[in-house]
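A short worksheet on the structure shown next.
Readers should treat all values here as calculations from the given coordinates under stated rules, not as data from a laboratory. Source: prediction; values computed, not measured. Here Cβ is always computed from backbone atoms with ideal geometry, including for glycine, and neighbour counts include all displayed protein chains.
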Amino acid sequence: MRDIRLLDQMLVPGTLIGPFAQANPGLGGVCTFVGEVRCDAKEQGGVEALELSHYEPLTLPGMHALADRAFARFTLMGLLMVHRVGVLYPGEPIVCVSAAALHRRDAIDAVDFCMDHLKSAAWFWKREKRADGWHWIEPRADDTRDLARW
């Protein structure tokens, strides 16, 4: 099973993960990562909102190409990759990546692989709103280092 999507409305991971696991009978394990907008606006310089922009003719095909690479690299039964776009607020889910496999290592590594690529080599433009206005976000050195592992 393969489910790759962009959403411009609230992402509710629990409504995705159960049906995804059930669509992969005989699996040995499912690994799931859910990323959320992390900074509390109460913190000094905290994030009040996060905006993710994209160019759909590039973004969705890019996500499918990433899924192809994950299936080629790992022994997977299924892959779920759902990413939000638009304006999000602290605590809201941004991304849900779930992999089903006969063995845990393939599921864990596939999710890690997809997240490293989504985080630093994806087709999204991110900016965050803080008390002093909007600021563009670039990948951090850690993100680049994580991507280089693959």
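Under 5 Å between amide H atoms, partner at least 5 residues away or on a different chain: which partners does residue 28 have, H built in plane at 1.01 Å?
Amide H to amide H, under 5 Å and 5 or more residues apart or across chains, residue 28 pairs with 101, 102, 103.
Going through the range 58-134, which chymotrypsin sites (Phe, Trp or Tyr not before Pro) have at most 12 other Cβ atoms within 10 Å and a DSSP loop state? Each step should come with its number before you reach the end.
Details: sites: 71, 74, 113, 123, 124, 125, 134; in loops: 74, 123.
Qualifying residues, ordered by number: none.
So how far apart, in nm, are the two label points at residue 17 and residue 75 if each is 7 Å from Cα heading toward Cβ?
2.5
How long are the semi-axes of the equivalent ellipsoid of the chain, taking √(5λ) for every eigenvalue λ of the Cα gyration tensor, in whole Å from largest down?
Working: eigenvalues 154, 53, 40 Å².
For the chain, the ellipsoid semi-axes come out as 28, 16, 14 Å.
If you line up the long axis of helix 13-22 against the longest principal axis of the chain, both from Cα atoms, how many degrees apart are they, to the nearest 10?
Long axis of 13-22 versus the principal axis of the chain: about 10 degrees.
Taking only Cα atoms, what is the 0 to 90° angle, nearest 10, from helix 104-120's long axis to the longest principal axis of the chain?
Roughly 30 degrees, rounded to the nearest 10.
Highest GNM mean-square fluctuation, the chain, Cα pairs closer than 10 Å: which of 16, 58, 66?
58
Just in the range 1-86: which GluC sites (Glu not before Pro) are loop by DSSP and have at most 13 other Cβ atoms within 10 Å? Don't skip to the answer; put the middle values down first.
On the way: sites: 36, 43, 48, 51; in loops: 43, 48.
Answer by residue number: 43.
Can you tell me the 0 to 90 degree angle between the C-alpha axis of helix 56-73 and the longest principal axis of the chain, rounded to 10?
Roughly 40 degrees between the two axes.
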